[in-house]
1. Cα-based Rg of segment 71-131 per 2.2 N^0.38 Å, rounded to two decimals?
2. Tell me whether segment 301-340 comes out rounded, prolate or oblate; compute the Cα gyration tensor, take square roots of the eigenvalues as a ≥ b ≥ c, and use a/c under 1.5 as the rounded threshold.
3. With everything on Cα atoms, drop me the angle between helix 216-226 and the longest principal axis of the chain, reported from 0 to 90° to the nearest 10.
4. Per residue, what accessible area does the chain have, given a 1.4 Å probe and all protein chains present, in Å²?
5. Using only C-alpha positions, report the orientation-averaged shadow area of the convex hull of the chain, nm², one decimal.
6. Got a sec? What order do HIS101, HIS241 fall in by accessible area at 1.4 Å, biggest, i.e. largest, first?
7. According to the square roots a ≥ b ≥ c of the eigenvalues of the Cα gyration tensor, what is the shape class of segment 100-164, taking rounded for a/c under 1.5, prolate for a/b larger than b/c otherwise, and oblate for the remainder?
8. Between helix 110-129 and the chain, what is the angle of the helix's C-alpha long axis to the longest principal axis, kept within 0 to 90° and rounded to the nearest 10?
Amino acid sequence: MTTTQSTEVPTKAALPPATSTAVRVQNAVIKYGFIFVTVALFLYFALSEGSFRESATLLDTLRYVSVAAILGLGVTLTMAAGGMDMSVGAVAGLGVSVAAHTMVVLNQVGTVAILAVLLAGALAGLLNALLIVVLKIPDMLATLGTMFVIQGSKLILVDGQSITPGMTMSDGGTAPGRFTAGFLRIDRGTVLGVPVSVLIFGGLTVVAWVFLARTRWGRVLYAIGANPEAARLAGIRVGAHRALAYVISGVLASVGGLILASRIGQGDVSAGTSQLLEAVAVALVGTSVLGRGRPNVWGTALGAVLIGIITTGLTIKGLPYYTQDVVEGAVLILALVFSFTLSKRRTA
């Protein structure tokens, strides 16, 4: 007698209904939990505070977060390439000083100031690229070093003092220039009732999304961030792409500096100092959106909106300013739990 051996491939045992439901719930929490938190907080403040529902308040909220969001877009690009730009706040502050020095001290028009600020941001990005790509210094250490260099350099540029129209300069003379009306419209102007800075934020978000998600350059950045050695073996110019990410980050940070300069109307030497933490926070928070667990532009934009909702809501409720840091930190931790802890359990 001959026997035949079954050739059927064993199939994976089906999960019990209770386990399957638990998995689906966990996946839903990972994918939509952060969006739910954002919507829930918005509804809470909107229902409990009438002034929060006003269109002017909502636009002011977006205007307030526009700088951190734009800086966060730069951080997102560098994170996609496997790094992190810690100099964005300093570059934004440098932009404020350069804009003020160009218009107030050198008595130039706003267009010249804008070009000077963008050039300064690109040069800062090139410095980061040189340290990271050529000198092989780890990203975070290199950009921290750049941060301190830029912070000191901008103080040297302005002799350690804020630049204001009509100020007395070091040679005893009076500053001849002022912030032009056209330049001040960058943050104070509106188009169809929407602040210009909000339109800049929205436009740059769309451009960054197209670049990162819809172009070969963006896909290459993600590949480098996932495995730079494999990308190199595949023929990708890893150094050139990482350098590009840092130059773009520098330019985006300088755009944030332009908005800050227009907002405060003077060359405040402390400008940009607080923007670093918010920019990094919104970029990290964004990794949890839709359970992607990786840097993404829309997640960063939503993270900035959430920070704005928290800040505005707590301010309207009259809570002390220092409580905002506690709440923002708790939200960041919650987002990181979504991105790393829960997502790892899903893939385990």
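The values are calculated or read from the model by the stated rules, or taken from the named source; none is laboratory data. Please read all numbers here as calculations on a predicted model, not as lab measurements. Here the Cβ is made from the backbone with ideal geometry for all residues, glycine too, and neighbour counts use every protein chain on show. Keep in mind that these areas ignore ligands, DNA and RNA; they rest on the heavy atoms of the full protein, side chains included. Shrake-Rupley method; radii C 1.70, N 1.55, O 1.52, S 1.80 Å.
1. 1.25
2. oblate
3. 70
4. Here the per-residue accessible area is 49 Å².
5. Details: hull surface 99.3 nm².
That works out to 24.8 nm², a quarter of the Cα hull's surface.
6. Ranked list, largest accessible area first: HIS101, HIS241.
7. oblate
8. Taking Cα atoms only, the helix is inclined about 50 degrees.
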